[in-house]
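The values are calculated or read from the model by the stated rules, or taken from the named source; none is laboratory data. The model shown is predicted, which means the values in this text are computed figures rather than measured ones. Quick reminder, even Gly has a Cβ in these numbers, built from the backbone with ideal geometry, and neighbours come from all protein chains shown.
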Amino acid sequence: MFRLEILPARYGDCILLEYGSDPVRRMLIDGGAPGVYKRALKPRLKELADDERDFELLVITHVDYDHIRGIIELAHDDSLPFKAKDIWFNGFRHLPKPPGPKILAGKHGEELTDLILKNGHSWNSHGFNGNAVVIPENGDLPRIVFDDMTVTLMAPTLPMLADLRKDWEKSCEDIDITPEELEKARSEGKFALLGDEEQKAPEKARPDIEQLLREEYTEDNSSANGSSIAFLVEYADYRVLLAGDAHPSTLVESIKRLGEERLKLDFCKLPHHGSRGSVSSELIQHLDCENYIFSSNGDQFRHPHPEAVARVIEYGGECPNLLFNYRTRWTEIWDDKPLRDAYGYETRYPKKEQDGLTIVNGECQ
């Protein structure tokens, strides 16, 4: 059995992966934006028996609020037993140290670090011996085996982690406050979370795909997104890319290092919720995939951006399936039959918005 649930995580990510039988094993990737834990993740975890909440792996891809907040809420919830045999999360201790005084990371990364240490969790142990979850500069990509599941790390690189450290330090210096005051500063409009700099996409009544494909592409330069853990999951005959918010150029280089001209996949969870700077034509052209997952409700930045969707339609295979985790004004514009017929793609939405998408043994439910 192979089951992938893209939980309704608002403008973030929260993914539950189940595989095998007798026993079924589980992994949790990210916890979504504020409110997602109470509304979606906790009810789903409560459906499991106590002994089924001993997960093989918990992955926090990076420090952005829309990925980390639900995990912090889970860690604070004493009413719900939850264990993970290992946690993958690159905290400040894992970022390359430049010369000079040490400066603490942002509030939420430090809060999660404190919870990991306080509760004695295994941290970056399986496959990385407590060091950073990172791909090496040369050689093979890290391949980590979890029983019958193989996980191949596709991002981040060490330079990306170094960039993140610089931005953490700079964020403190620029606004002249201590790390503990970061959240207060953000609420007052003085500070944006790392990765929140992207401009909002304009509203469009009906997409002009040809015009969208002519738009100039500029890759996302957010250090937080660049630090994102992304990996290829292989189980039985299934291959899924969970791209987090990773930069597309990093993913393309990793695909090349795998020796595959095009990475054959059953499903791809697109990076950064389908933002214009994170879904490049080059990335899509390096994938041999028919099913593309867009994981956002568009609350913050109106993801997915039309340019990103147009690139998937143009370069994503003979008849790409656009799998939207929400039906919103940003996604329903693509559910236009004349447009679908003209460009040869299909769309899929959850039957109920509160459910998100569920994929079982390669079939979208």
Practice task
Assess whether Ser249 counts as being surrounded by fewer than 21 Cβ atoms within 10 Å (Cβ to Cβ) and either touching a residue at least 60 places away in the same chain (Cβ under 8 Å) or in a helix (DSSP H, G or I) (or both).
Solution key: yes
Practice task
Taking only the stretch 11-40 into account, find how many residues are within 20 Å of Ile359 (Cβ to Cβ) and either surrounded by fewer than 21 Cβ atoms within 10 Å (Cβ to Cβ) or not acidic (Asp, Glu) (or both).
Solution key: 19
Handout entry: Any strands (runs of 3 or more DSSP E) falling wholly within the stretch 274-365 and containing at least 1 residues that are within 15 Å of Pro207 (Cα to Cα)
Key = 321-324, 346-348
Handout entry: Residue satisfying all of: in the stretch 319-352; touching a strand residue (DSSP E or B) at 6+ places or on another chain (Cβ under 7 Å) and of a type in the set (Val, Ile, Thr); surrounded by the fewest Cβ atoms within 10 Å (Cβ to Cβ) among these
Key = Thr347
Exercise for the section: Please give the number of the condition Arg3 fails out of (1) closer than 18 Å to Leu232 by Cβ; (2) in a loop (DSSP other than H, G, I, E, B); (3) not hydrophobic (A, V, I, L, M, F, W, C). Expected result: (2)
Problem - Cβ pairs under 9 Å, 6+ apart, first in the stretch 74-98 and free of Cβ contacts under 8 Å to residues at least 40 places away in the same chain and surrounded by 16 or more Cβ atoms within 10 Å (Cβ to Cβ), second assigned to a loop (DSSP other than H, G, I, E, B) and not aromatic (Phe, Trp, Tyr) - result: Ile87/Ile60; Ile87/His121; Ile87/Ser122; Ile87/Asn124; Ile87/Ser125; Gly91/Val63; Gly91/Ala105; Gly91/Asn124
Exercise for the section: Take the residues in the stretch 22-46 that are without any contact (Cβ under 8 Å) to a residue 40 or more places away in the chain and in a loop (DSSP other than H, G, I, E, B), then tell me which one is farthest from the chain's Cα centre (by Cα). Expected result: Asp22
Exercise for the section: Might you check whether a residue that is farther than 27 Å from Ile359 by Cβ, without any contact (Cβ under 8 Å) to a residue 40 or more places away in the chain, of a type in the set (D, E, K, R) and not in a strand (DSSP E or B) occurs anywhere in the stretch 213-223? Expected result: yes
Problem - Failed criterion for Asp299 (all others in (1) modelled with pLDDT under 95; (2) over 17 Å from the mean Cα position of the chain (by Cα) hold) - result: (2)
Exercise for the section: Sort out which residues of the stretch 296-339 are of a type in the set (Asp, Glu) and touching a residue at least 40 places away in the same chain (Cβ under 8 Å), and write them in order of number. Expected result: Asp299, Glu307, Glu314, Asp336
Handout entry: Test: residue in the stretch 136-147 that is of a type in the set (Lys, Arg), surrounded by fewer than 18 Cβ atoms within 10 Å (Cβ to Cβ) and modelled with pLDDT under 90
Key = no
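Table: residues versus (1) modelled with pLDDT of 90 or more; (2) of a type in the set (A, V, I, L, M).
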| site | (1), (2) |
| --- | --- |
| Cys14 | yes, no |
| Gly31 | yes, no |
| Leu48 | yes, yes |
| Arg69 | yes, no |
| Asp77 | yes, no |
| Lys102 | no, no |
| Ala105 | no, yes |
| Asn124 | yes, no |
| Ala132 | yes, yes |
Completion exercise
When restricted to Asp245, Asp266, the only residue within 22 Å of Leu95 (Cβ to Cβ), under 19 Å from the mean Cα position of the chain (by Cα) and not hydrophobic (A, V, I, L, M, F, W, C) is Asp245
Exercise for the section: Examine the stretch 47-59 for a residue that is crowded, with 18+ Cβ neighbours inside 10 Å and free of Cβ contacts under 8 Å to residues at least 24 places away in the same chain, and state whether such a residue exists. Expected result: yes
